[in-house]
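Just below is one structure, and these are the notes that go with it.
The values are calculated or read from the model by the stated rules, or taken from the named source; none is laboratory data. Computed from a prediction, not measured in an experiment: that's the story for all the values here. Here the Cβ positions follow ideal geometry from the backbone for every residue, glycine too, while neighbour counts run over all protein chains shown.
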Amino acid sequence: MKALAFVLGFSISLLFGAIDRTIYLMPMNCAELVPDSGPFLSFFESVARGLAVNNKIMARRLFRVLAMRDKLASETGRVGDANPVDPLIRRFLCYYREQRNPTALVSYDDGQFLAFVKKELIALEKNVDLAVYAVAVEEHNRKEFERRMRAQQNLVETLKQEADEEAALVFERAAKQAKAARP
């Protein structure tokens with residue numbers, strides 16, 4: 001009976017463990033050519049969650065970065081590395097890893113890491129704001145370009161229709177003149 005309870009408890013913990021995507025150790029795959037941003041984002045969120053009790057202001061700032069990422073994804077449809085905030089977060093974390101021992105384990109509540117976050121977070125926030133602004137400008141320019149293209153397409157269609165009508169009149173006039181000139 002105890003064995004069954006253990007297996008059941010273990011199975012349930014595995015099930016819930018698969019749903020929980022919290023990462024407590026900084027990912028070590030900074031050197032990959034095409035790294036997956038998912039573990040970095042999960043670790044970044046773990047840092048914010050860990051700070052929520054002791055340092056609400058810094059936790060709010062970290063959550064704001066994640067909120068900007070989510071807002072950008074929902075408004076523009078940019079997900080993964082198409083979302084410019086993802087690589088910024090990954091580079092922010094990898095910069096710390098490169099400055100320290102790249103193979104050392106770094107937990108979400110490591111004192112040296114939190115000191116780094118506190119010191120460098122303003123730069124990350126500025127980069128995120130600039131990235132969001134750049135995407136907003138790009139989206140605005142894209143919509144303006146599409147509006148001008150639709151206006152040009154409408155003008156082209158109107159000119160083609162006028163040309164077709166004029167050609168039909170010229171052709172009809174030529175056909176009448178040909179009938180009249182025929183003996």
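When segment 83-102 is limited to residues that are touching a residue at least 12 places away in the same chain (Cβ under 8 Å) and not in a helix (DSSP H, G or I), the one that is surrounded by the most Cβ atoms within 10 Å (Cβ to Cβ) turns out to be N83. In this structure, is R61 surrounded by 16 or more Cβ atoms within 10 Å (Cβ to Cβ), within 19 Å of the chain's Cα centre (by Cα) and at pLDDT below 90? Criteria not met by R61. Hey, could you check segment 50-70 for residues that are among the basic types (K, R) and free of Cβ contacts under 8 Å to residues at least 60 places away in the same chain and say which is nearest to K126 (Cα to Cα)? Once the filter is applied, the top-ranked residue is R69. Do we have A163 as loosely packed, with under 12 Cβ neighbours inside 10 Å and more than 18 Å from V47 (Cβ to Cβ) here? Judged against the criteria, A163 is a match.
Please go through segment 103-128 and give me each residue that is part of a helix (DSSP H, G or I) and touching a residue at least 60 places away in the same chain (Cβ under 8 Å), ordered by number.
F113, L114, V117, K118, L121, E125, V128
Scanning segment 35-52 for residues that are crowded, with 19+ Cβ neighbours inside 10 Å and either outside any helix (DSSP H, G or I) or on the phi > 0 side of the Ramachandran plot (or both) gives a single hit, S37. Being aromatic (F, W, Y) and over 30 Å from H140 (Cα atoms) holds for only one residue in F92, F43, and it is F43.
Condition first: in a helix (DSSP H, G or I), on the phi > 0 side of the Ramachandran plot, of a type in the set (G, A, S) and modelled with pLDDT under 90. Can you find one or more residues in segment 66-82 that meet it? Yes, segment 66-82 contains at least one residue that is in a helix (DSSP H, G or I), on the phi > 0 side of the Ramachandran plot, of a type in the set (G, A, S) and modelled with pLDDT under 90.
Within segment 129-141, the set of residues being surrounded by 12 or more Cβ atoms within 10 Å (Cβ to Cβ), in contact (Cβ under 8 Å) with a residue 12 or more places away in the chain and of a type in the set (A, V, I, L, M) comprises A131, V132, V135. Of the residues making up segment 15-49, those that are closer than 29 Å to A59 by Cβ and modelled with pLDDT under 70 are L15, F16, G17, A18, I19, D20, R21, T22.
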